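J.: Before I ask anything, let me first share the structure, which is written out below as C-alpha cells.
What follows is calculated from the coordinates using simple rules that are stated; it is not laboratory data. Small disclaimer: the values here were computed from a predicted structure and weren't measured. All Cβ positions, even for glycine, are placed from backbone atoms using ideal geometry, and neighbour counts span all protein chains on display.
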Amino acid sequence: MAFSTPGWDLALFKLINMQWRTEALDVVMPILSDRILVWFIAIPLVLLAGVKTKKWRQLLIGIALVGAVVGATDLGTNVVKDAVGRVRPKDAIAQSHHYNYKKATWFQRSADFIQKDTKGSSFFSGHAANSMAAVVMAMLIWPKLRSFLWVLPLLIGYSRIYLAKHYPVDVLCGWIFGLCLSYMLWKTILYKFVPSWDTRSDKK
C-alpha cells in the first residue's frame with residue numbers, strides 16, 4: 001500500500017536534509033528528536049507548577065489525560081504505519097544524512113546507494129503525531145501554556161526530516177492526526193475530567 005513520493009515532498013526533504021545543514025543543527029536536531037527531551041521539559045514544568053500552586057492532585061490528573069491521549073495517538077499511528085509500510089528516506093534516498101543514536105554519529109548514504117527495503121515505518125511520523133497530540137491536550141487543559149508550547153511539535157517534526165527518519169508529508173500528516181485526535185477526544189470525553197480549578201483560573 002506504500003505510495004510514491006511526490007516531487008515536492010522529495011524536493012523539500014532534500015533541502016532540509018542535504019542543503020540546509022549546519023554544525024549547530026547537527027548537534028541540536030538529534031536532541032530534539034530524542035524522546036528523553038520530553039522528560040527534561042515536562043518534569044521542570046510540573047515541579048514548578050506544583051510548587052507554585054500546591055495543587056499536585058490536579059496536576060497529576062492533567063498529566064494522566066495527556067498521557068492517555070499520547071497512548072491513543074501512538075496506537076493509531078502504529079496501525080497506519082503497518083498498513084502503509086512506507087520506507088524511511090534514510091533507507092531509500094542516496095546521499096541522505098542520518099544519525100545513529102547508538103554510535104552518536106552522523107552517516108551519509110553513498111551516491112550510488114540503492115534502496116533494498118520494500119517495507120518500512122515512515123508514514124506517518126509518530127514523533128510528530130504524539131508531540132502534537134500531547135501539546136494540544138496540554139494547551140486545552142492549561143491555556144496559559146499556549147504562548148510557547150505550540151513550538152515544540154514544530155521543532156520535533158523538523159528534526160525528523162533533518163535526521164532522514166521521515167519525509168515532510170509524513171510529518172505533516174502526523175501533526176494533523178495528532179491534532180485532530182487530541183481535539184476530538186477532548187470534545188467528546190476528556191474535558192469532563194479536567195479539574196475545575198484550572199477552568200476557573202484560566203477564565204479570569
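J.: Using Cβ counts within 10 Å as a stand-in for footprinting exposure, how do Arg57, Arg86 rank, fewest first?
T.: In increasing order of surrounding Cβ atoms, one gets Arg57, Arg86.
J.: For a footprinting-style exposure proxy, rank His127, His166 by other Cβ within 10 Å, fewest first.
T.: With the fewest neighbours first, His127, His166 line up as His127, His166.
J.: If contacts are Cα pairs under 8 angstrom and at least 6 residues apart, what is the relative contact order of the chain in percent?
T.: 27 percent
J.: For the chain, which DSSP H helices look membrane-span-like by this rule: Cα extent along the axis of 24 Å or more and mean Kyte-Doolittle of at least -1.0?
T.: 36-53, 56-84, 168-188
J.: Going down the list Lys52/Lys192; Lys81/Lys102; Lys14/Lys165; Lys54/Lys192, which pairs span over 18 Å between their C-alpha atoms?
T.: The pairs that break the limit, which is 18 Å between Cα atoms, are Lys52/Lys192; Lys81/Lys102; Lys54/Lys192.
J.: Find the relative contact order for segment 84-204 and round it to a whole percent, using C-alpha pairs within less than 8 Å whose residues are 6+ positions apart.
T.: Relative contact order for segment 84-204 comes out at 29 percent.
J.: Another question, if that's okay. Sticking to Cα atoms, compute the Rg of the chain to one decimal and its Dmax as the biggest Cα-Cα distance, whole number, in Å.
T.: Radius of gyration, then largest Cα-Cα span, for the chain: 18.7, 62 Å.
J.: What's the exposure ranking of Ser147, Ser121, Ser131, going from fewest to most Cβ atoms within 10 Å?
T.: Sorted ascending by nearby Cβ count, the order is Ser147, Ser121, Ser131.
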